[in-house]
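Here is the structure we will look at, set down as C-alpha cells.
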C-alpha cells in the first residue's frame with residue numbers, strides 16, 4: 001500500500017468527514033460563522049497535500065470551485081485565518097483526537113497484530129543542496145555545511161497497511177532510546193498492539209519492560225547497544241538476553257515497513273518543513289501525519305470496494 005490517492009477532491013472529502021466527527025462546528029458561540037472548524041481543517045490538509053504555504057492554498061482554493069464544493073466552502077478564508085487557526089486545530093490534544101478518528105476508520109476490531117516504531121528528520125527549510133554542499137574556495141575537497149538542529153518525527157505504524165497510530169515531534173539530533181515510551185504510549189490508548197518492532201536505537205531493558213510488563217506487547221529489538229557483539233558476553237536484563245538467544249528474524253524483517261511510511265510522507269509531502277519556529281514545525285509534521293492517514297483511509301476504502309465489486313466514490 002505504498003501508493004496513495006492523487007485526488008485533492010477525495011482527500012478534502014475524507015478530511016471533512018473526519019473533521020466533522022471530531023471538531024465542533026464553531027470554536028465560540030459568537031464566532032463570525034463564515035466557515036466552520038472542519039472546513040478550516042480541510043484547508044490545512046490541502047496545504048500539505050499541495051506542498052504549498054498558507055498564501056498558496058488560498059490562491060488554489062479561489063481557482064478551484066470543484067474542490068470547494070467537496071467540503072461546502074463558500075468563502076475562501078484569508079491566509080492569516082488559516083495560520084492562526086492552525087495553532088488551535090493542531091494542538092497536541094486535538095491532533096491526538098483527529099489521529100484516533102483516522103485509526104478507527106481503518107481498524108475496526110481495535111487490534112493490531114504487528115506495529116513498528118522509528119523516527120526520521122526533516123530539513124528545516126528549502127535551501128538548495130548546491131549551496132549546502134559546495135567546493136571550498138581554492139580547495140580540492142567539498143565543504144559540507146551541516147544543520148545543527150532539525151525537526152524530528154517519531155511514529156508507530158501498522159506494518160500491514162502503513163497507517164500511523166501515534167506520532168511524537170521533537171528536535172534532533174536526539175537519542176531514540178529515550179523516546180520509545182512517549183511514542184508508543186499514545187498508540188496503546190487507541191488500539192491493542194500484540195507485537196512491536198524497533199531498531200537497535202531503541203534497545204534497552206527498560207523499553208522491553210515497559211512494552212512487555214506494563215503494556216503486554218511483545219517487543220522485538222536487536223540487542224546491539226552497550227557491548228560489541230564479537231565478545232558474545234551476556235546482555236544486561238533478561239529481555240535483552242532473550243533477544244540475543246532467541247531473536248525472531250522473520251518477524252523483525254517487517255520493520256522496514258516503517259521506513260516505507262517515511263518514504264511515502266517525504267515523497268508525497270516533501271522532505272522539508274516550511275515553518276520556522278519549533279512549535280510551528282511540530283504542527284506541520286503532525287499535519288503531514290494526518291494527511292498521510294487520510295490518504296491511507298481512501299486507499300483502504302478503494303481496495304474494499306474493488307474486492308466487493310461495488311462503486312467507489
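Subtracting the Cα-Cα distance of residue 302 and residue 63 from 0.36 nm times their residue separation leaves 83.3 nm of extension gain. Calculate, for residue 171 and residue 9, the FRET efficiency according to 1/(1 + (r/R0)^6) with r their C-beta to C-beta distance and R0 45 Å; round to the nearest 0.05. Computed FRET efficiency for residue 171 and residue 9 comes out at 0.80. Extension gain, residue 108 to residue 266, is 54.1 nm, computed as 0.36 nm per intervening residue step minus the present C-alpha separation. Just check segment 27-120 against the gyration tensor rule for me: Cα atoms, a ≥ b ≥ c as the square roots of the eigenvalues, rounded for a/c under 1.5, and otherwise prolate or oblate depending on whether a/b exceeds b/c. Since a/c reaches 1.5 and a/b is larger than b/c, the shape of segment 27-120 is classed as prolate. Approximating the spin labels as points 7 Å out from Cα along Cα→Cβ, the residue 148-to-residue 200 distance works out to 3.0 nm.
The GNM of the chain, with springs linking C-alpha atoms under 10 angstrom apart, assigns the highest mean-square fluctuation among 79, 247, 30 to 30.
Only helices enter the 222 nm calculation for the chain: every DSSP H run of n ≥ 4 contributes -39,500 (n - 2.57), and dividing by all residues gives -14000 deg cm²/dmol, rounded to 500. Using a 10 angstrom cutoff on alpha carbons, build the Gaussian network for the chain and name the most mobile of 75, 183, 52. Judging by the Gaussian network model, the answer is 75. The length gained on full extension between residue 21 and residue 209, counted as 0.36 nm times the residue separation minus their Cα-Cα distance, comes to 64.1 nm.
For the chain, the longest principal axis of the C-alpha atoms and the axis of helix 37-49 are separated by about 60°. Is segment 166-217 best put as rounded, prolate or oblate by its Cα gyration tensor, with a ≥ b ≥ c the root eigenvalues, rounded for a/c under 1.5, and otherwise prolate when a/b is larger than b/c, oblate when not? Judged from the Cα gyration tensor, segment 166-217 comes out oblate (a/c at least 1.5, b/c at or above a/b).
Working from label points 7 Å from Cα in the Cα-to-Cβ sense, the residue 80 to residue 238 distance is 6.3 nm. Let's test the formula: R0 of 30 Å, r as the Cβ-Cβ distance of residue 93 and residue 245. What FRET efficiency results, to the nearest 0.05? Calculated value: 0.10. Note on residue 256/residue 30: beta-carbon distance plugged into 1/(1 + (r/R0)^6) with R0 of 51 Å gives a FRET efficiency of 0.50.
The smallest convex shape that holds all Cα atoms of the chain, its convex hull, gives 170 Å³ per residue.
Just so you know, all these numbers are worked out from the coordinates, no wet-lab data involved. Predicted model, so just to flag it, every value in this text is computed and none were measured. No Cβ is skipped: glycine too gets one built from the backbone with ideal geometry, and neighbour counts run over all protein chains shown.
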